[in-house]
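A quick write-up on the structure given underneath.
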Amino acid sequence: MQDKIKFLSQKIDTFTANGSDELEALRIQYLSKKGEITALFNDFRNVPNEQKREIGQLLNVLRDKAQNKINDLKEALESAQVVEKGMDLTRTADPIALGTRHPLSIVKNEIIDIFSRIGFTIAEGPEIEDDWHVFGALNFAPEHPARDMQDTFFIEQHPDVLLRTHTSSVQSRVMTSQKPPIRVLCPGRVYRNEAISYRAHCFFHQVEGLYIDKQVSFADLKQALLYFAKEMFGEHTQIRLRPSYFPFTEPSAEMDISCNLCGGKGCPFCKHTGWVEILGCGMVDPNVLNECGIDSSEYTGYAFGMGVERITNLKYQVKDLRMFSENDVRFLQQFKAAY
Ligand code: PHE
């Protein structure tokens, strides 16, 4: 028996196979039910008891050796086939395609980046808010018609709970929880009950800013906004402030920038005026400071708020607002940016 094992073991060393048929023949010859190695296992019962231990071990080693050899040959055959089919296993892999960022995220991050360079930090708050943070704290009297400026979604049966219509609600939260100096940006999604069309949606995104300290003036506001406009739209951008009205700021203004498509000469985009509106701003109304627990005889502040969709449209000329929320990859894949 031992001689036979030795003989077979040497034979295994010489195994070769030129194809899967030959390999299968080897397997059948040695390892199948009627194979030579299997036959040895069958003879095992005739081995004298005192030799069983030693022979049993030798047999196991032999069977494993044959199985391993056949596996190795199989692998070698398979990789040879790959090369035959013309695959080059040494070729560098294709580069992994990087994802793209949503255009609104790109622009939001750019706005944040620009203002963070002059000391603004980020504050966030809930999208489902109470009336006080969205309106009450911000000088909207209970029946104030200005509440109609922003068509509000209320939570049914809870007239006090609503979807925030602007991220000024986060400013209310910051003013009631922090002491001046305050310099925050409030980015986030806001909701207004508007019919959906190419130019309006029931939700959009804002970045609002708030700066409160001693002796903050309108000149500071203008300077910060001019800096922002130039950083965002280019060194040659000009700004213009028009008087406006918001309950929470006094005086209030809307800011236009020189049309970045025609450079201010006039084109269909700016309706031939040379200017396009990009944000609302003003000095925080003393009533708001007092309501939020900040002494308006000691502190003043400015605030501004802009729509991220609007800025994105100006940068990338996206004609239909709905594209931002339809998740069409053909649209989204066009936006590649460092932000
Ligand atoms: N909250 C205003 C809006 O949603 C924007 C704004 C913010 C205006 C701060 C002035 C000051 O329209």
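The values are calculated or read from the model by the stated rules, or taken from the named source; none is laboratory data. Not measured: the values here are computed from a predicted model. Every residue, glycine among them, receives a Cβ derived from its backbone with ideal geometry; neighbour counts consider all protein chains shown. In case anyone asks, the SASA skips ligands and DNA or RNA and just uses the protein heavy atoms, side chains included. Shrake-Rupley method; radii C 1.70, N 1.55, O 1.52, S 1.80 Å.
Scanning residues 5 or more positions from Thr273 or on other chains, those with amide H under 5 Å from its amide H are Cys267, with H placed 1.01 Å from N in the peptide plane. On full extension, the segment bounded by Lys319 and Asn290 gains 6.2 nm, given 0.36 nm per residue less the C-alpha separation. Sorting the segments 242-253, 84-95 by their residues' average number of neighbouring beta-carbon atoms within 10 angstrom, most packed first, yields 242-253, 84-95.
Judged by the ratio a/c of the largest to the smallest principal axis of the C-alpha gyration tensor, the range 93-201 counts as oblate, that ratio being 1.5 or greater while a/b is no larger than b/c. Mean Kyte-Doolittle hydropathy of -0.5 or higher plus an axial Cα length of 18 Å or more: which whole DSSP H helices in the chain meet both? Taking the DSSP H segments of the chain (at least 18 Å long, mean hydropathy at least -0.5), we get 103-116, 218-233. Taking amide H as placed 1.01 Å from N in the peptide plane, Phe140 has no amide H partner under 5 Å among residues 5 or more places away or on another chain.
In whole Å, how far is the Cα centre of the range 243-290 from that of the range 10-86? Taking the Cα centre of the range 10-86 as reference, the centre of the range 243-290 is 85 Å away. Here each label is just a point 7 Å from Cα along the line to Cβ, and for Met1 and Ala93 those points are 5.1 nm apart. Each Lys and Arg Cβ is given +1 and each Asp and Glu Cβ -1; about its Cα centre, the range 2-84 then shows a dipole of about 500 debye. Estimate the FRET efficiency between Asp220 and Asp328 by the formula 1/(1 + (r/R0)^6), using the beta-carbon distance for r and 51 Å for R0, to the nearest 0.05. Computed FRET efficiency for Asp220 and Asp328 comes out at 0.75. Simple point charges give the picture: +1 on the Cβ of Lys and Arg, -1 on the Cβ of Asp and Glu, and for the chain a dipole about the Cα centre of about 1280 debye. Residues in the chain average 58 Å² of solvent-accessible surface per residue, probe 1.4 Å, ligands and nucleic acids excluded.
A full extension of the chain between Cys262 and Gln10 corresponds to an added length of 82.0 nm, given 0.36 nm per residue minus the alpha carbon distance. For the range 103-338, the square roots of the Cα gyration tensor eigenvalues, ordered a ≥ b ≥ c, give a/c of at least 1.5 with a/b no greater than b/c, which places it in the oblate category.
State the percentage of accessible surface on the chain attributable to carbon and sulfur atoms; use a 1.4 Å probe and exclude ligands, DNA and RNA. Accessible surface attributable to carbon and sulfur in the chain totals 50 percent.
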